[in-house]
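Each remark here refers to the structure printed beneath this line.
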Amino acid sequence: MAEKKVQEALGDDFSDEGDEDTQKDKFLTFYIDEEEFGIAISHITEIVGLQRITEVPDMPPYVKGVVNLRGNVIPVIDMRMRFGMEPRKYDDRTCLIIVNIDSQSIGFVVDRVHEVVDIPEENISAPPMIKGETANSRYIKGMGKVEGKVKILLDVAVLVFSERFEAMANAV
Amino acid sequence: MGDQELLEILQLIVVEGNEMIDEVEPQLIALQQEEDAAGSVDMDTLNAVFRLFHSIKGSASSLELNNIASVTHKAETLLDMIRSGKTKLSGHFTELFLKAIDLLRLYLERVDQQQNDEGYEEERDAIVGRLIEAIESVSSGTAGTGRETPAAPADGTAAGPGAAEAAPVEEDLPAMKISQEMMDRFIQEANELLDETEGHLLELERNPDCQGETTAEVFRLMHSFKGNCGLVGLDDPGRLSHGAESALQSIKEGKIPVTSETIAVLLKVIDMLRESMADVCRGGRGRIKEHEEFGKILERIAAGESTADLQLPGNLFNVDDGISSVPYAGTMAKEIVPTPGKKAVGNTDSASADSGSNSGIPAESDSDPSGVDAKSQESSKPQPCASSARSAIRVDLDKLDVLINLVGELVIAQAMVVSNPDVRGLHLENFDKAAHHLGRIIGDLQDIAMSVRMIPLSGTFRKMIRVTHDLARKAGKKVQLNFVGEETEVDKTVIEHIGDPLVHMVRNSIDHGLESPEGRAASGKDATGTLTLEARHEGGEVWILISDDGRGLDREKILEKAREKGLVKDDGAEMSDDEVFRIIFEPGFSTAKQVTDISGRGVGMDVVRKNIEKIKGRVSVRSEKGKGTTVIMHIPLTLAIIDGMLIRVGNSKFTVPTLAIRESFRAEPGIVTVLPDGHEVVKIRDELLPVLRLHSEFGMTPEFTGLHEGILIVVKSHEHCLCLFADEILGQQETVIKALSDYVGKIRGVSGCTILGNGEVSLILDVGGLIDKAQGNGRDKRKNNDRKQ
């Protein structure tokens, strides 16, 4: 149900933005370990180097805390931990991808940011069913093929909102 | 007139109408009390009530809000009868007026939302009917004595749109005391109206095509001006503007054409009115020397006489250099005609260039200096007097919000500069001096920015007069309402949020707290109960107290009900009075045996608490059985910036509001006791305080774990204290509160966050919340222990 709403919301966003056509096929790719992921750039507001994260109590473990971005306090999610991977020590290539959905800004900690690529729709295939981790696979929008390499394309809205539902579920 | 303009005008009417009603309603009630007590009423106040209805009627009829107009017209008529002595103000009449006011409020709301006053026909008919009854009963009772009331327009359509009244009102108004503030406002508005009118008249002349809209606009402005003059009892301007209004009406209805002479006459009238305002500003009565003469001219214009035939006074077209005018012959009018636009425009252009200095005022009045104040010719600008007037300006609230946000950011930015890691540890004398200076200036800026949004509580308090009046009547009780400290100022958002809670609490006091007159007499109390609303600054908070001298809270009753509802498990004997009283804030709680339609459903206090918490305040109750109850709303003075103490727990920095800190100290190894349940308490000068280890609370790794190694901070909220254990105190700083993002949501023990000088984020501790939690724990633990034993 929530997913439907999210899809609708995303649909609205797309129709709102003027040059949506040019943005639609662009993805920002980043690395977690050796795996390359991609996020549609429409919701990305900026990419910053990692800053000092202030811990916030009572949050799910993958919400590392908040950071100060030019006076705005933005919550930060560790992408690795979200996927259930082992956390990794942050180094100077670790980045924060800041997305903005529904007027809320959230930051994602990723190992390395790669580049912005064009992945036309025909090169995107449906996500495979991953045994076991069905909950996680909801976040995958599709598999994009670029020059023979496969990138896992993530659905940002689902990533953010499902987080929240999960957080709420955890809190209860 | 344009839609946007119409909308703005309507909104203005709504705002001003509501303001007037708020001001006058308590006065009306006071009048009735006076009448009951002393058999006579204060004429000034009575006139003020009259003016309320008159003024609203004026605005309404000019905008074709006929429902409002008809109600106010009837009320005005009845009031006029009262003030002219034909009848006395009776309780019945007062109720009628109050009902009319209620209906007006509804209509104003309708206008606000839908830009018209349709609807409520039944109520309108009912009230108008009763008013007519009242009027007829009075006029039949007194045949032809005293003054005749101003002729009421033909009934059925009371006050048709823009109908100029038969006679200018308030000719024989007794001398009344108008407050200086009212006068200042009047002058300011009057000048604004005159400026606008002038602008429109000029436009009308340049652009005869836009006639319809512009004329209606000018008519409206003149009507407002006339009405205002009536309000403050200025006869000459009132009459003159009335004449202008009639002329404009004829133009509006197309009866006469717009010619440059007409415009010139009207412009001259504007000037004369300006003059008059200047005179009023200086304390005069606004007398206009030539108002009769011009009044006649305007009448004749209105009647359709061609301006060419009129003997226009020669000084109509003075070019102003402050030169005394040369009397032109009446033939001047003809000479002007060929070049219609120029002369008059030139006239007023120079007038505006001189910012309204007086063109065309008979400078040759050395022959007759009486009418116009001689000083006025020294081109003193007819503007609101700077000396006595506190000139005010309407400001967009959004702009204020932006301003305050920016000031907040400025405070943070200042901290980031002054505490920058780059300069830490360096001895920079000049830099320090400059930083200090900067800090002082920003502090001042902050104070002013905060005060900009502050509004005195008197308005909110006064609203309670009507509420009290109605409730007391309904409940059959006698209540005396007192105000203390109503001039105390609070932030605008606070005002918006305490209105409802105040009403709820007044309701509770009157309905449940105060006994009936018989009950009170039986207890030896005065039959009239006292309800006191008080406001004062206390520490960094504003306290608003609602006290009654009624029967007080019954602890046993509360506990009984609480047990019924399962809010309390045992007999509650252990609970302090304070804790017991706090139960009344639980949702759905009420000890009322019956639900009256005023209260008893158990909704009120819960709403009160929620509303207060919305503005980060808290509520507390003090009561003594048989003596009375006091409910206190504690509201933080500033919502955005607080003084904070920075403390460190492990690698995290927290901020504790300085106001909540009582003291801090390092614990001697011996003063800590560990209770059987694992909780630690510390003894300070005969007090035993529980200890809260912040690192355990927030799941962090501290530097020190031994209580004597770190620092203990005693914090206080309500009347309870708690000891926080942290690693170290870092210092004090001004904290701009930022809300944590919605995504993070509400966190126990944390009330927000702030950004430190080095860019770090620091969580702000919610002392009250931590203490509540600690107490709750304590209670549960103790209960468990009791059961074990």
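Every read-out reported here was derived from the displayed coordinates using simple, explicitly stated rules and does not represent laboratory data. None of these values were measured; they are calculated from a predicted model. Cβ sites come from the backbone with ideal geometry, for glycine too, and all protein chains shown count toward neighbours.
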About the Cα centre, charge dipole magnitude for the range B:9-109 (Lys/Arg +1, Asp/Glu -1 at Cβ), debye: 420 debye
Dipole of the range B:1-124, positive end: most advanced residue of B:A69, B:L106, B:Q4 [Cβ charges, Cα centre]: B:A69
Listed pairs B:K492/B:K738; B:K478/B:K557; B:K477/B:K557; B:K610/B:K716; B:K492/B:K627; B:K569/B:K653 exceeding 30 Å between Cα atoms: B:K492/B:K627; B:K569/B:K653
Burial order of peptide ranges B:99-106, B:129-136 (average beta-carbon count within 10 Å, highest first): B:99-106, B:129-136
The range B:702-717 - phi-based ³J(HN,Hα) in whole Hz, Karplus 6.51/-1.76/1.60, Gly and Pro as x: x, 7, 10, 10, x, 4, 8, 8, x, 10, 9, 10, 8, 10, 9, 8
Unit charges on C-beta of K, R, D, E only; dipole of the range B:629-757, Debye: 260 debye
Reduced Cα scattering model of the range B:650-695, Debye log10 I(q)/I(0), q = 0.15, 0.22, 0.25, 0.28 Å⁻¹: -0.51, -0.98, -1.11, -1.18
Using alpha carbons only: equivalent-ellipsoid semi-axes of the range B:667-777, gyration tensor based, whole Å: 26, 16, 13
Karplus-derived 3J(HN,Hα), 6.51/-1.76/1.60, for each residue of the range B:37-51, Hz, glycine and proline x: 6, 10, x, 8, 10, 6, 5, 4, 5, 4, 5, 4, 5, 4, 5
Cut-off under 5 Å, modelled amide H: who pairs with A:I32 long-range: A:F37
Dipole magnitude of the range B:416-549 about its Cα centre (Cβ charges: Lys, Arg +1; Asp, Glu -1), debye to nearest 20: 520 debye
Against the rule of thumb 2.2 N^0.38 Å, how large the Cα Rg of the range B:615-694 comes out: 1.54
Per-residue ³J(HN,Hα) for the range B:219-229, Karplus 6.51 cos²θ - 1.76 cosθ + 1.60, θ = phi - 60°, Hz, x for Gly and Pro: 4, 4, 4, 5, 5, 4, 4, 4, x, 4, 4
The range B:1-141: Rg to Rh, with Rh as the Kirkwood radius over Cα pairs: 0.99
